[in-house]
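In what follows, a single structure is set out as structure tokens and then discussed.
All of the numbers you see were taken from the coordinates with simple rules; none came from a lab. Computed from a predicted model, the values in this text were never measured in an experiment. Using ideal geometry, Cβ is built from the backbone for each residue, glycine included, and neighbour counts are taken over all protein chains shown.
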Amino acid sequence: MATDFHAHYVPPPVVAFLRARRVAPCIETLPDGSERLVMPVGILGFGRAYTDIDARLASMDEIGVRRQVLSLPGLFGIDSLPLDESGSPTRAFNEDVAAVCRRHPDRFLGLAALPLADMDVAIAELRQARTELGLIGAILPNNAFTSLAEAGKMRPLFAVAEEMGAHFFIHPGRRPDEALRSLACDGASREPDPDNALLRRALEVQAEVSEAMITLLFTDFLDRYPNVSIHVANLGGTLPAVIERMDHTVRTRAPGTTLPSERVRRVTVDCASLGPHTLELAVAIYGAERIVFGTDCPIFRVDWTLAAVRQARLAEADRAAILSGNAERLLDRFRVPQGSPPQAASSC
């Protein structure tokens, strides 16, 4: 049975919020009655797979997933809206996902959504999520870590997480100060872009994840926060494919400097939305002990990632660690008797 560290959920109050909006992020109804989610960048079909917990549990039982860590998808753009727009839906998500976790404590854990436009409010929301709602931490946009200067703006949040012990999921998403496209929710036909915008965006997302990895791995940003655990989505982006080139670049232009490949096993990543060959490469670069199972469910199908892990040419002990062992060890620090204060994490 697998433990899925990268799974998403959209509760009814957030669905209502998105249906009421007329610009992205919003949910629009098409002439055939189906719905789609219009994001600041991109469009997804939308349905009960995002919202129906009973159906989710049945699917998990059928396919072999023991537990999911639920979060609000960062690319939806809700947490990066201005505070007067993001405050209500992020709070609604946190309260609803906490209730789901209380009803099914052996099946779900939750990560808070934070209204990132106001750091003081985001900190207060994180405190409530950890100390009152029982969530293990929060999801944060990788674009908040695309440079050390940008990451520095997150230090107040990390300081509070260090105090309490919390987990941060670094996931594709934008900062509040980034310009967003204001696509209208009008049900209009959107023809495919002949320049392959969909494929270019897939590459762009992975590149943005990789930029965050540079900050998290190769600067001292995380050094102050030993009680904060983190993991990064999508195998850390394209980093496994280019780490050897980074080594060559350092050898050529900064001889005597520590090679990037010697520091790459400092952060945990999940294997969501990628296949067996990429997973094999990631195990070679990061080590199997730094990879947790993740699916990006329901945006991508759970069985695709399960098949990738099972088809990858891995030692059986490594396969078992990726499917559940690594995640369960990470989660052990957050398992406390009901009514007890949250424990601090011990490492990232």
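Observations on the model:
- Rg/Rh for region 90-150 (Cα atoms only, Rh after Kirkwood) is 1.04.
- Coil-residue trypsin sites (Lys or Arg not before Pro) of region 1-81, DSSP, other Cβ within 10 Å capped at 14: Arg22
- The Rg/Rh ratio for region 1-135, using Cα coordinates for both the radius of gyration and the Kirkwood hydrodynamic radius, is 0.97.
- Rg and Dmax of region 289-332, Cα atoms only, in Å: 10.7, 29
- For region 198-348, size of Cβ-based charge dipole, Lys and Arg +1, Asp and Glu -1, in debye: 80 debye
- Mean-position separation - Cα centroids, region 111-136 and region 194-226, in angstrom: 23 Å
- Based on the reciprocal of the average 1/r between different C-alpha atoms, the Kirkwood radius for the chain equals 20.5 Å.
- Reciprocal mean inverse distance between Cα atoms of region 155-277 - Kirkwood radius, Å: 17.1 Å
- Close amide H pairs (under 5 Å, H built 1.01 Å from N) link Cys185 with Val23, Ala24, residues at least 5 positions away or on another chain.
- Against the empirical curve 2.2 N^0.38 Å, the C-alpha radius of gyration of region 13-72 lands at a ratio of 1.31.
- Inter-centroid distance (Cα atoms) of region 7-47 relative to region 58-110, Å: 16 Å
- Magnitude of the charge dipole, region 129-248, Cβ model with Lys/Arg +1 and Asp/Glu -1, debye to 20: 160 debye
- Cα-centre dipole for the chain with unit charges at Cβ (Lys and Arg positive, Asp and Glu negative), debye to 20: 480 debye
- Environment charge at Glu35 (Cβ cut-off 9 Å; Lys +1, Arg +1, Asp -1, Glu -1): +1
- Contact order normalised by residue count of region 75-157, Cα under 8 Å, 6+ apart, percent: 27 percent
- Of the residues Ala212, Ala254, Ala166, the one that moves most in a GNM of the chain with alpha-carbon contacts below 10 Å is Ala254.
- Counting only DSSP beta bridges with both residues in the chain, the antiparallel share comes to about 25 percent.
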